[in-house]
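The values are calculated or read from the model by the stated rules, or taken from the named source; none is laboratory data. Everything numeric here is computed off the predicted structure, so don't read it as measured data. Every residue, glycine among them, receives a Cβ derived from its backbone with ideal geometry; neighbour counts consider all protein chains shown.
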Amino acid sequence: MTTSKGTKKKVEKVQDSLNGQHPERVIASGDKLTIETIADFARQIQEGLSEADTVVIDFAKNVEVDITALQIFCSACLTATAMNKNFVHRGTLPQSLLDLAATAGSERKEHCKNNNMSCFRKFGGME
């Protein structure tokens, strides 16, 4: 009996889940990532990095962000690198985050050397 590639991958995910292993954890940003709301988001990232090989941030299109979010992203990227894991985003980054990064001077830096260049400094990610 042969198994299709897609079926095999699903079976592996179920087995990983049963074994307590999670190859990917997706975290939704919600509508607001500011000093008032960032604690729960940071906790989710921390839990994700302890449980999964890759943590993916899925940003809401019009998410409100402040500098604390950028600090959390940088910290998570460094932590992921130290743990030999990945911290990335999926899809297009929200304009609010791009504007904040530009204001913070991020465009003057080269790619982040951590986490395979996929951190939020030069805003790499996965499509």
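In region 65-85, which residues are without any contact (Cβ under 8 Å) to a residue 40 or more places away in the chain and buried (at least 21 other Cβ atoms within 10 Å of the Cβ)? Spell out how you get there, then give the answer.
In the first step, residues of region 65-85 are kept if they are without any contact (Cβ under 8 Å) to a residue 40 or more places away in the chain; the result is 65-69, 71-72, 75-76, 78-85.
Hits for region 65-85 are V65, A69, A76, A80.
So which of R43, R25 is modelled with pLDDT of 85 or more, assigned to a helix (DSSP H, G or I) and not aliphatic (A, V, I, L, M)? Before you say what the answer is, go through the steps one by one.
Details: R25 fails: assigned to a helix (DSSP H, G or I).
It is R43.
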